[in-house]
Amino acid sequence: NILKFDILGHDDPTMIRMLQDLSGVDPLTIPPDDPGVMSLFSSPEILGVTPEQIQSKTGTLGVPEFGTKFVRGMLEETKPTTFSELLQISGLSHGTDVWLGNAEDLINNGTCKLKNVIGCRDNIMMDLIHWGVKPEVAFFTMESVRHGRGISDENMEILKKNDKIPDWYIPSCLKIKYMFPKAHAAAYVLMAVRIAYFKVHYPLYYYASYFTVRASDFDLLSMIKDKDGIRNTVNDMYSRYMDLAKKEKDTLTVLEIMNEMAQRGYRMQPISLEKSKAFDFIIEDDSLIPPFISVPGLGENVAKRIVEAREEGPFLSKEDLNKKAGLSQKVIEYLDELGSLPNLPDKAQL
């Protein structure tokens, strides 16, 4: 056995930790085959919404590795129902020339099923050994293919003599430029399934964690609208998608999750001078309260300073906010538009 450690900066473990702290559920006890979670990969029905409401035929918006438009398209084509098929999807989506123009075509023309195509590099070695190829030939074939170097002449001669290898297999190998290791795919899919479990069974914990850990480009003025208002904003941005700047596309990703949350019956409150934290979204009843850091143009130091100043006593006016917490006039106007400063005068009157 080879044990490989990937020690990377990664949002997902941070998110899982926050979900554990909020819910008290140990993520290691989450079953990898929860029926509700598995259904997410083919339909959003378990979330209580329709594909039209969230503009997605799967329920995997915001699920790591399975939330992008590209991978959602793969899910729609393949309709995975088992953990091993999700591993295949992960391998196929991270490889180069493994899905497009290769496995996708084999599945669509009926040559193979999802479980049979070459998804991860380990598949090549294990498939060939299963078909009677010597382990060392199988290993070196896998290593050569996964680096995009094709198959050596010597090994090609051996493989061609093996009548158990399907006709499509070797041509498929020769198209591959890079392949994902199965253990890496397994680690990603386990994290995805654990996070998806909270999305299904602990929705508000999931959305609070998602917005706190993974999201950064917020449009709070759109996020506090009712569910129809948010959905209209998302649809409008879809209609202009090709003209959107990168920052707007990042904002749209956040609004897609917000729209899904709203369609499920939850809402976002405005920033609260009394309750909002510096960095974390908090839960109140069936809603979330955003942190100060989510205000555009408001930095980490100012977010901390608002919380510190608040502990010394209430803010008496907008001028007081500026003096004690260092809020700029532009940020104060934004908070005012958001409805976060009700009854707060411009200046304190003696």
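The values are calculated or read from the model by the stated rules, or taken from the named source; none is laboratory data. Please read these numbers as outputs of a predicted model, since none were measured by experiment. Using ideal geometry, Cβ is built from the backbone for each residue, glycine included, and neighbour counts are taken over all protein chains shown. Protein only, heavy atoms only, side chains kept; ligands, DNA and RNA dropped before computing areas. Shrake-Rupley method; radii C 1.70, N 1.55, O 1.52, S 1.80 Å.
Within region 330-341, the residues that satisfy the criterion of being open to solvent by 60 Å² or more (accessible area, probe 1.4 Å) and farther than 13 Å from Ser317 by Cβ are Lys330, Glu333, Glu337.
For Asp217, the conditions (1) in a helix (DSSP H, G or I); (2) in contact with an Asp or Glu (Cβ under 6 Å, 6 or more places away or on another chain) all hold with the exception of (1).
A Cβ distance below 7 Å, combined with a sequence gap of six or more or placement on separate chains, defines the contacts here; from region 107-130, residues that are closer than 16 Å to Ser93 by Cα reach residues that are of a type in the set (Gly, Ala, Ser) and buried (at least 17 other Cβ atoms within 10 Å of the Cβ) in the pairs Val117/Ala103; Ile118/Ala103; Ile118/Ser172; Gly119/Gly91; Cys120/Gly91; Cys120/Ala185. Residue-level check: of (1) within 15 Å of Leu335 (Cβ to Cβ); (2) of a type in the set (Lys, Arg); (3) surrounded by fewer than 18 Cβ atoms within 10 Å (Cβ to Cβ), Lys318 misses just (3). Residue count for region 292-315, restricted to those that are at positive phi and open to solvent by less than 30 Å² (accessible area, probe 1.4 Å): 1. The sole residue among Val133, Val145 that is touching a residue at least 24 places away in the same chain (Cβ under 8 Å), over 36 Å from the mean Cα position of the chain (by Cα) and under 22 Å from Ile2 (Cβ atoms) is Val133.
Here is the figure for region 35-83: residues that are in contact (Cβ under 8 Å) with a residue 60 or more places away in the chain and open to solvent by 20 Å² or more (accessible area, probe 1.4 Å) total 6. What residue, of Tyr205, Tyr210, Tyr197, Tyr238, is at pLDDT below 95 and within 21 Å of the chain's Cα centre (by Cα)? It is Tyr238. Within region 84-105, which residues are part of a helix (DSSP H, G or I), touching a residue at least 12 places away in the same chain (Cβ under 8 Å) and aliphatic (A, V, I, L, M)? Correct list: Leu86, Leu87, Ile89, Leu92, Ala103. Screening Asp280 with (1) more than 28 Å from Gly48 (Cα to Cα); (2) open to solvent by 10 Å² or more (accessible area, probe 1.4 Å); (3) not in a helix (DSSP H, G or I) gives one miss only, at (1).
Within region 38-79, the residues that satisfy the criterion of being over 17 Å from the mean Cα position of the chain (by Cα), more than 26 Å from Gly110 (Cα to Cα) and assigned to a loop (DSSP other than H, G, I, E, B) are Gly48, Val49, Thr50.
Just one of the listed residues (Ile151, Ile165) is in a loop (DSSP other than H, G, I, E, B) and in contact with a Cys (Cβ under 8 Å, 6 or more places away or on another chain), and it is Ile151. For region 341-348, state whether one or more residues are farther than 23 Å from Tyr207 by Cβ, assigned to a helix (DSSP H, G or I), touching a Leu at 6+ places or on another chain (Cβ under 8 Å) and touching a residue at least 12 places away in the same chain (Cβ under 8 Å). No, region 341-348 contains no residue that is farther than 23 Å from Tyr207 by Cβ, assigned to a helix (DSSP H, G or I), touching a Leu at 6+ places or on another chain (Cβ under 8 Å) and touching a residue at least 12 places away in the same chain (Cβ under 8 Å).
Does region 28-37 contain any residue that is touching a Ser or Thr at 6+ places or on another chain (Cβ under 9 Å), assigned to a helix (DSSP H, G or I) and of a type in the set (A, V, I, L, M)? Checked against the condition, which is being touching a Ser or Thr at 6+ places or on another chain (Cβ under 9 Å), assigned to a helix (DSSP H, G or I) and of a type in the set (A, V, I, L, M), region 28-37 yields no hits at all. Every test in (1) touching a Ser or Thr at 6+ places or on another chain (Cβ under 7 Å); (2) among the hydrophobic types (A, V, I, L, M, F, W, C); (3) touching a residue at least 60 places away in the same chain (Cβ under 8 Å) is passed by Ala208 save one, and that test is (1).
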